[in-house]
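Undergrad: Let me begin by handing over the structure; questions about it come next.
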Amino acid sequence: MNTRTLLLPLVALALLGNSDLHAQGRTIARLFWQDHSTASLKWGDLQKSKEGYSLKEHAVDGFPELDVDDQTLVQMQIDDGLLVVGVRDEANGDIGSGWVAIESGATQEAHGDHFHWRFQASPSVHSKLIDDSQGNPAHLYRYGKSFVMANDQRNGFTVMNAKSVRKAMKPSEAGQFYEGGGGHITLAVANGKVGYSTWIHGEGENAGRVDVVGLAENTGKGYRIDCPTGVLHGATYCGGKVFFAPAEGICWVKADLEVDDAADSVQVNQLEIGTDPEGNPLRTGAFATLGDQVVFTSGKADQSRLCFVDASCDQPTVQTMKMELASDQSLRTPIVGKGSGGRPIALCFAESKEAPDTDQLYVVELDPDGNGDFSDAKAGEPIAVGPSQIEGHFGHHDAVFLPRGRQVAITNPGDASLWVISLTDQSVKAKFDCEGMPTSLASISD
């Protein structure tokens, strides 16, 4: 057999292999989702070819086996290709709580003045810290490059970043713990210099309390401020201001980046959202931010509303857009991002615990005329989605924006599916069956 005869089959095999790869399509995004039924993390590459979308589900290599009856995954965040997910238990942290850090397998490839993600390896666990001394976190945030985890039972929080996690000799050295906040802590961090950590109490000496905590070069500084009402659940930083969600309306203060204000000189401003049919003040429970805008929901059923605050204003006000939902529906915290052409978009799930088959998704154009003012926000016709499966704080829908903002991916916990939805015509482009109960969703994409 001559050399040419030998090479022909090899060339044919190579071409066949390339054809298979081409048939799989290009990877649009690497998706990560929590399976609440097994307290585990799954992943898959969302790919697109001429034949349409494809997605194959995988378990994250090395992910710890948790007790599904007593442990749950909470919020998760991604930065620099590293995903961190919180772990909480049902015994105030005595069973095991903390965090797991996962290398996504995605790397950035430089292209002049920008980057593209390349997916060259499978995700795997980098490190984890789950024990009985992590304070049972319920919230995990990302502010700038920092992951910020509430340590509820320790009355404090931990700050770490992708670099510190990767360089730590052992997981316990990956972050810095700071005292501040208590009960069920929500957090805002401004420019990595100061943290605002809330207390959940509705009565007593800690009702309405927020601890202002110096970080990094400001470590050791701090003081206390107080909101007019307690039951604080929600905090964020935007436009040089820090916003809180107490029992009535919302509150804000100017961020003290040097942590050198006198506590009694700090002005805590309160903004009203409105009242319910019985005249009770409306509130919210969580915020989303987009540029200098703070976005949140309030009210229930036909009193529901999507709210906006322009944090760049010297004296911010609450603007509202009413959304009339069914009597058994309520709005989830909005998921905000950029649609096609950079248009600001809010994704609002209307969910029903009693009739989850009626769940809907509203796509809201936040700035239709492009002037930077959200007062003309407009919701499209609701999109019927799969059912939720609400169990306490869990079992809700989630969504992520896909590249260039033309589509979103969503989870449907009630029928174990992930969908791809077009934001151009609001049609469902693909449906994928998953194992278990997909809930929280995260992605890495251009």
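Undergrad: Please provide three numbers in whole Å: the alpha-carbon extents of region 35-110 along the principal axes, with the largest listed first.
TA: So the extents along the principal axes, rounded to whole Å, are 50, 29, 19.
Undergrad: Round to the nearest 10 and report in Å² the accessible area of residue 61, as given by a 1.4 Å probe over the protein chains' heavy atoms.
TA: 110 Å²
Undergrad: How big is the dipole moment of the chain about its Cα centre under a simple scheme where the beta carbon of each Lys and Arg is +1, that of each Asp and Glu is -1, and everything else is neutral? Debye, nearest 20, please.
TA: Dipole about the Cα centre, nearest 20: 1760 debye.
Undergrad: Where does the chain land at 222 nm, in deg cm²/dmol rounded to the nearest 500, when only DSSP H runs of n ≥ 4 count, each adding -39500 (n - 2.57), divided by all residues?
TA: Details: 2 runs with 28 residues, N = 446.
Rounded to the nearest 500, it is -2000 deg cm²/dmol.
Undergrad: Which of rounded, prolate, oblate describes region 297-446, given a ≥ b ≥ c as roots of the alpha-carbon gyration tensor eigenvalues and a/c under 1.5 marking rounded, otherwise prolate only if a/b is larger than b/c?
TA: Numbers: a/c = 1.95, a/b = 1.30, b/c = 1.50.
Oblate, because a/c is 1.5 or more while a/b does not exceed b/c.
Undergrad: Further, regarding this structure: Using a Förster distance of 35 angstrom, determine the FRET efficiency expected from the C-beta separation of residue 260 and residue 303, and round it to 0.05.
TA: Once rounded, the FRET efficiency stands at 0.25.
Undergrad: Given 170/431; 50/128; 145/254; 42/167; 145/241; 322/353, which pairs have Cα atoms separated by over 29 Å? Don't skip to the end; give the middle numbers.
TA: Details: 170/431 41 Å; 50/128 40 Å; 145/254 22 Å; 42/167 25 Å; 145/241 19 Å; 322/353 21 Å.
Check vs 29 Å cut-off fails for 170/431; 50/128.
Undergrad: Please list the equivalent ellipsoid semi-axes of region 159-222, computed as the square roots of five times the alpha-carbon gyration tensor eigenvalues, in descending order and whole angstrom.
TA: 26, 13, 9
Undergrad: With every protein chain left in place, what is the accessible area of residue 114 in Å² (1.4 Å probe, nearest 10)?
TA: So the heavy atoms of residue 114 present about 80 Å² to solvent.
Undergrad: Another question, if that's okay. Rounded to a whole number, what % of the accessible area of region 301-446 do carbon and sulfur atoms account for, probe 1.4 Å?
TA: The computed percentage sits at 43.
Undergrad: Return the sequence-ordered ³J(HN,Hα) values of region 92-97 in whole Hz as given by the Karplus equation 6.51 cos²θ - 1.76 cosθ + 1.60 applied to θ = phi - 60°, using x for Gly and Pro.
TA: Listing the rounded values in order: 6, x, 6, 7, x, 9 Hz.
Undergrad: Sort region 264-311 into rounded, prolate or oblate with this rule: let a ≥ b ≥ c be the square roots of the eigenvalues of the Cα gyration tensor; rounded if a/c is under 1.5, and if a/c is not under 1.5, prolate when a/b is larger than b/c, oblate otherwise.
TA: Details: a/c = 2.96, a/b = 1.31, b/c = 2.26.
In terms of gyration-tensor shape, oblate.
Undergrad: Next up: Take region 18-158, compute every pairwise Cα distance, and split them into 10 Å bins from 0; I just need the percent in each bin.
TA: That works out to 12, 36, 30, 15, 6, 1, in percent per bin.
Undergrad: Sorted from largest down, give the three principal axis spans of the alpha carbons of region 396-437, whole angstrom values.
TA: Between the extreme Cα coordinates on each principal axis of region 396-437 lie 30, 15, 14 Å.
Undergrad: Taking volume of the Cα convex hull per residue in Å³ straight from the coordinates, which label in (1) 164; (2) 135; (3) 178 is the correct one?
TA: Label (3) holds the value from this structure.
Undergrad: Moving on to the next point. Assigning unit charges at the beta carbon (Lys, Arg +1; Asp, Glu -1) and nothing else, what dipole magnitude in debye, to the nearest 20, does region 214-302 show about its Cα centre?
TA: 180 debye
Undergrad: Round to the nearest 0.05 the FRET efficiency obtained for residue 314 and residue 120 when R0 = 51 Å and r is the Cβ-Cβ distance. Don't skip to the answer; put the middle values down first.
TA: Values: r = 48 Å, r/R0 = 0.95.
FRET efficiency, residue 314 to residue 120: 0.60.
Undergrad: Among 234-244, 299-309, what's the highest-first ranking by average C-beta atoms within 10 angstrom per residue?
TA: Descending mean neighbour count gives 234-244, 299-309.
Undergrad: Using a 1.4 Å probe and ignoring any ligands, DNA or RNA, find the accessible area of residue 312 and quote it in Å² to the nearest 10.
TA: 60 Å²
Undergrad: Would you mind checking which residues have amide H under 5 Å from residue 28's amide H? H placed 1.01 Å from N; only 5 or more apart, or other chain.
TA: 46, 47, 48
Undergrad: Next question, about the same structure. In region 296-446, with Lys and Arg counted as +1 and Asp and Glu as -1 at Cβ, which of these residues, 352, 334, 409, has the Cα nearest the positive end of the dipole, that is, farthest along it?
TA: Farthest along the dipole direction, towards plus: 409.
Undergrad: Give me the angle, in degrees from 0 to 90, between the Cα long axis of helix 3-24 and the longest principal axis of the Cα atoms of the chain, rounded to the nearest 10.
TA: Here the helix axis deviates by roughly 30 degrees.
The values are calculated or read from the model by the stated rules, or taken from the named source; none is laboratory data. Predicted model, so just to flag it, every value in this text is computed and none were measured. Here Cβ is always computed from backbone atoms with ideal geometry, including for glycine, and neighbour counts include all displayed protein chains. With ligands, DNA and RNA removed, areas are computed over all heavy atoms of the protein, side chains included. Shrake-Rupley method; radii C 1.70, N 1.55, O 1.52, S 1.80 Å.
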